[in-house]
Structure formats: structure tokens, C-alpha cells
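Comments concern the structure below.
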Amino acid sequence: MASRQRRMTLPSTPGRAEPIHKPAQKTLSDPAHGAAFIFVHGLGDTAEGLEGELPLFRSFRYLRRSVRLQTRPVQDKYCTQQHWQQQLKGVEVSAKQKYIQDKQLTYSLDVADQFQNNNKLPHMHWIIPNALENRDAMTTAWYTPTQLSPFANDRPELDDPEDEEGMMNSVKYLESLIDACGKKGIPPQRVVLGGFSQGCAMSLLTDLTSSKYAGRLAGIIGLMGYLPLCNRLPDMRAKAGLPVTHGDVPIMLVRGQKDTLIPKRVWNITLKQLEFLGVGSDDLIVKEYEGLGHSLNGAVMKDMCAFLERVVPSLED
């Protein structure tokens with residue numbers, strides 16, 4: 001019953017699956033002493049993919065999309081269970097730990113449960129939202145993706161334009177989740193926004209362009225992602241009435257050294273642009289993991305936990 005009393009009312013959007021909410025384990029007399037982590041999934045994924053179990057056929061379809069969408073259209077096909085097993089041998093499934101239970105293959109990461117089961121940040125709510133289905137991407141997406149090339153185009157004017165409209169619509173939705181935290185009594189400075197891949201992109205973009213919350217959050221976590229709309233950001237910040245420089249919101253950025261979906265060139269552009277926007281070395285934690293691809297592992301989770309404990313520590317109640 002206490003768990004139900006701590007639940008917050010989250011916004012509902014037509015066509016969008018409801019977010020997963022994992023209430024804080026610790027009941028606080030002052031809600032402002034609590035915290036919240038809004039954890040945003042990547043392209044082709046769902047909230048259930050980060051915090052639950054799904055049949056592996058959805059995982060395999062996601063794997064195909066995440067690996068191939070940058071280079072050529074995806075054509076889903078029916079695959080037998082034996083084919084899934086063969087295809088997934090030795091392959092990292094983005095942000096997943098895959099396993100086999102009896103005759104049914106499933107995958108799960110259970111990020112929030114891993115933290116809560118180990119009594120990590122018991123004062124923190126977990127909010128894991130869902131992206132809408134994107135017709136162009138043929139899967140769930142926070143915006144229509146474009147190709148991220150490891151090489152600069154000699155004619156950048158021919159590059160596919162980034163989906164600024166889709167991104168800003170997603171920023172508005174993420175703002176509504178932060179609003180919900182405020183209505184629960186959790187101030188912005190106790191809210192961390194983070195995500196994986198496209199979720200990383202949206203977290204950084206919200207922190208840099210939101211007229212409501214830019215420069216006001218407790219921290220940003222970017223896992224295996226990049227900063228979109230780099231050339232547009234100064235104008236977007238000016239339009240939103242924001243200062244030229246970013247401020248002192250702590251940011252943690254993570255990349256696997258074997259990540260081919262986020263090329264090193266794109267990663268370096270992200271770091272350079274953040275520096276241009278005034279993100280100093282004191283506020284930016286950059287970590288690269290040897291041998292890791294477009295995925296998560298125990299080391300990433302451990303460092304993420306340490307960052308969260310630093311930016312939203314337990315407060316005396």
C-alpha cells in the first residue's frame with residue numbers, strides 16, 4: 001500500500017505506451033529530499049526492454065534495426081527460434097542481457113531493479129518512458145534517425161537533414177515528465193535525465209535547449225549516444241532565451257570503444273560542441289570502455305551508480 005501512495009501521475013499521450021514507474025523504496029516526509037531518474041531508451045526499444053522481459057523475437061528485430069538502420073532499409077522477416085539463437089551467438093544486443101529460459105528465449109536488463117535490489121539510491125524514483133512508433137524508421141523512435149558516418153561528407157549540404165521537429169516534440173514530452181516530478185514535490189535540481197543511444201541524444205538536447213529546464217537539472221547521463229543539431233544549438237538556445245553558455249549541470253558521457261553505431265568522429269564532434277557551449281572539465285565526465293560495443297556492461301552500470309549517488313545523494317529527512 002505504501003508503494004501505491006508514493007506513485008506519481010505521469011502524462012498520457014495518444015498512441016504512446018505508458019511509462020514504467022518504479023517508486024522510491026524509501027518513504028520520505030519531505031518529497032523534496034527524494035529524487036528521480038528519467039531513463040530514456042534507444043532506437044527501436046521500449047521501456048519494457050530496459051525494465052522487463054520480452055520475447056526474443058522482438059529483441060532480434062531490434063538488433064537488426066539498430067545495426068542496419070544507419071546503412072540500409074530494414075526488412076523484417078519471420079525467423080525460427082533456432083535461427084534467432086544462431087544469429088545472436090556472440091552478438092551484443094544493445095542495452096540488453098540475453099538469456100534462455102527453458103524453451104522460450106527472452107531478454108532483459110532490469111536496470112532499476114538491479115539498483116533497488118541492491119539498495120542503491122532507495123530515495124530515487126525511476127521513470128522509464130516509451131517513444132512513439134515512427135513510420136519512417138519503422139520502429140519506436142524519439143526522432144527519425146539519419147546516417148552517422150565515420151567520415152565527413154565533402155558536400156555536407158547533401159546530408160540528410162536532422163529531424164528537428166521530431167526531436168523538439170520529444171523534448172516537450174520529456175519536459176512533461178519533469179513537470180510530473182515537480183507536482184510530486186521533487187524539484188528539478190533533484191531530477192536526473194539520461195538515456196541510451198537516441199535516449200542520450202534527447203537527454204543532452206533537453207538539457208541544452210529546454211526553456212523550462214535547461215541548466216536546472218541535477219545531472220545528465222548519456223550512454224552510447226551523441227549530441228544532435230550541433231550547428232543549430234546556439235540559435236536554439238537564443239530563441240529559448242537561454243544564456244550562451246551551458247551552466248554547471250554535471251554530465252556523464254559514456255562510449256564503447258568498439259561502438260560502430262556512434263562513430264568516433266561523431267563522438268568527437270559532440271565533445272567539441274559541448275566545450276564550445278561552455279561545458280567545463282569540472283562538469284563533464286567522459287568515459288570510454290575497452291572492448292565494449294553499442295551496449296552496456298557491469299562497469300558502465302557501476303559508474304552510472306556512482307554518478308547518481310554524487311548528483312542526487314540521500315538527504316536528511
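Okay, here's what the table says:
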{"quantity": "Gained length - residue 271 relative to residue 154, 0.36 nm times residue gap less alpha-carbon distance", "calculated": "39.9 nm"}
{"quantity": "Approximate spin-label separation residue 260-residue 231, in nm, with each point projected 7 Å along Cα-to-Cβ", "calculated": "2.8"}
{"quantity": "Calculated FRET value between residue 317 and residue 183, using beta carbons and R₀ = 22 Å, to 0.05", "calculated": "0.65"}
{"quantity": "Calculated FRET value between residue 119 and residue 303, using beta carbons and R₀ = 22 Å, to 0.05", "calculated": "0.75"}
{"quantity": "Protection proxy ranking, peptides 20-28, 204-212, average beta carbon neighbours within 10 Å, highest first", "calculated": "204-212, 20-28"}
{"quantity": "Ordering of 114-120, 252-258, 154-160 by burial proxy (mean other Cβ atoms within 10 Å per residue, highest first)", "calculated": "252-258, 114-120, 154-160"}
{"quantity": "Dipole magnitude (debye, nearest 20) for the range 257-317, charges at Cβ of Lys, Arg, Asp, Glu", "calculated": "460"}
{"quantity": "Rough spin-label spacing in nm, given labels placed 7 Å along Cα→Cβ, for residue 286 and residue 9", "calculated": "4.4"}
{"quantity": "Separation of alpha-carbon centers, the range 110-173 and the range 187-232, rounded to whole Å", "calculated": "11"}
{"quantity": "Virtual spin-label span in nm between residue 310 and residue 146, 7 Å along Cα→Cβ", "calculated": "3.3"}
{"quantity": "About the Cα centre, charge dipole magnitude for the range 164-283 (Lys/Arg +1, Asp/Glu -1 at Cβ), debye", "calculated": "160"}
{"quantity": "Under-5 Å amide H pairs with residue 8, H placed in peptide plane, nonlocal only", "calculated": "none"}
{"quantity": "Most positive-pole-ward Cα, 242, 208, 229, against dipole of the range 190-242 from beta carbon charges", "calculated": "242"}
{"quantity": "23 Å Cα cut-off, lysine pairs counted over the range 171-317 (separation 8 or more, or different chains)", "calculated": "15"}
{"quantity": "Cβ-based exposure ranking for 40, 300, in which fewest neighbours within 10 Å come first", "calculated": "300, 40"}
{"quantity": "Descending semi-axes in whole angstrom, ellipsoid equivalent of the range 179-317, from the Cα gyration tensor", "calculated": "23, 21, 12"}
{"quantity": "Long-range HN-HN contacts of residue 131 with modeled amide H, under 5 Å", "calculated": "47"}
{"quantity": "Packing-based order for 184-197, 164-177, 232-245, using average beta carbon neighbours within 10 Å, highest first", "calculated": "184-197, 164-177, 232-245"}
{"quantity": "Compactness of the range 141-210 as Cα Rg over 2.2 N^0.38 Å, two decimals", "calculated": "1.36"}
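Laboratory data are not the source of any read-out in this text; all were calculated from the coordinates shown. Please read all numbers here as calculations on a predicted model, not as lab measurements. Don't worry about glycine lacking a Cβ; one is built from the backbone with ideal geometry, like all the others, and counts go over all protein chains shown.
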